[in-house]
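**Student:** The following block contains the structure, expressed as structure tokens.
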Amino acid sequence: MKNFLIFLLFTFYFSVFTLEAEAKINWPWQQEQQTRQEVREQVQEEVQEQLGLTGTPSPGTPKEIRQQIREQVQEKVQELKDKLSWWLPFGFNQVEIVSIPGVTPPTDLGVSKDGKSFIVKVTEKTLLLRKFGGKSSLSEFSVGDIISVRGKWLDEEKTILESRVIRNVSIQKRKGTFWGTVKSIDLGAKSFVLTSVQRGDQSVSTDGNTKIVNRREEPISFEDLLLGHRVRVSGLWDSKLGKITEVTRIKDWSLPPGPTPTAGSTD
């Protein structure tokens, strides 16, 4: 069983390297060079937790665990495809936003780097990303944020850039799936603290759109979650604040409880 899951992990790495070779993209910026490594590390963390290599073995049948691994590998490979397909050879990295005239494209962002000012034109076709690759919008941008930009220069002095991709590294959010145990519960706010080996304590907030099921995919209520339960949470993670919001799904792998061994059992 464990050998099969490790094989899936190696399959993911092979897919990543194949995509990189096919892309043939020049990565002149250090921050962008880290993108592929970030994706690999995210999958490795999640796979290790499910393999039980980080402490507590994951509950569920072998078939269920294999399906979870497959879904995560497919999700991360697609995420990497989306990121690699948009990078262009012109632009700059690590510039600070100094002005935001409007939050609806088309608009011009004022940015600064090493004491020099630039104009970044944002159009309806500009792809706006958060640090971890999730789609963003100008309403999330703030003066003082650090961004990386790709596009084409509109003047010989290279002070005006029409952007195709803007990556805001100050918005440290990404959608994903996270494993852990329930450390504390706030029934009034319908939130709880999720403890994981890799990320420590994360606050999880639910709403009316959150679907909660047990390991048999049967609906349960928030009140069924108990301290110590092993859960899988899908939502928007803010690594800077340690919060998971916009939670779409919670799966409680501790419900229903497994059979209790009886005295004298030889199984």
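No lab work stands behind these numbers, since they all come straight from the coordinates. Everything numeric in this text was worked out from a predicted model, so none of it was measured. Cβ coordinates were reconstructed from backbone atoms using ideal geometry, including for glycine residues, and neighbour counts include every protein chain displayed.
**Student:** Tell me the relative contact order for region 173-252 as a rounded percent, counting alpha carbon contacts under 8 Å between residues six or more apart.
**Tutor:** 37 percent
**Student:** Mind checking the full-extension length gain between Asp207 and Ser117? Use 0.36 nm per residue of separation minus the Cα-Cα distance, one decimal, nm.
**Tutor:** Gain on extension, Asp207 to Ser117, equals 28.1 nm.
**Student:** Let me ask you something else. Treat the count of other C-beta atoms within 10 Å as a stand-in for reagent exposure and order Arg216, Arg130 from fewest to most.
**Tutor:** Arg216, Arg130
**Student:** Starting at the first residue of region 152-167, write each ³J(HN,Hα) from the Karplus equation 6.51 cos²θ - 1.76 cosθ + 1.60 with θ = phi - 60°, in whole Hz, x for Gly and Pro.
**Tutor:** Couplings: 9, 6, 9, 9, 5, 6, 6, 10, 10, 10, 7, 7, 10, 9, 10, 10 Hz.
**Student:** Return the ratio Rg/(2.2 N^0.38 Å) for region 173-252, where Rg is computed over Cα atoms only.
**Tutor:** Against the compact-globule rule of thumb, the ratio is 0.97.
**Student:** From the Cα gyration tensor of region 120-179, with a ≥ b ≥ c the square roots of its eigenvalues, which class applies: rounded if a/c is under 1.5, or else prolate if a/b is larger than b/c, or else oblate?
**Tutor:** In terms of gyration-tensor shape, prolate.
**Student:** Turning to a different aspect of this structure: Roughly how many nanometres apart are two label points built 7 Å out from the Cα toward the Cβ at Val169 and Asp224?
**Tutor:** 4.4 nm
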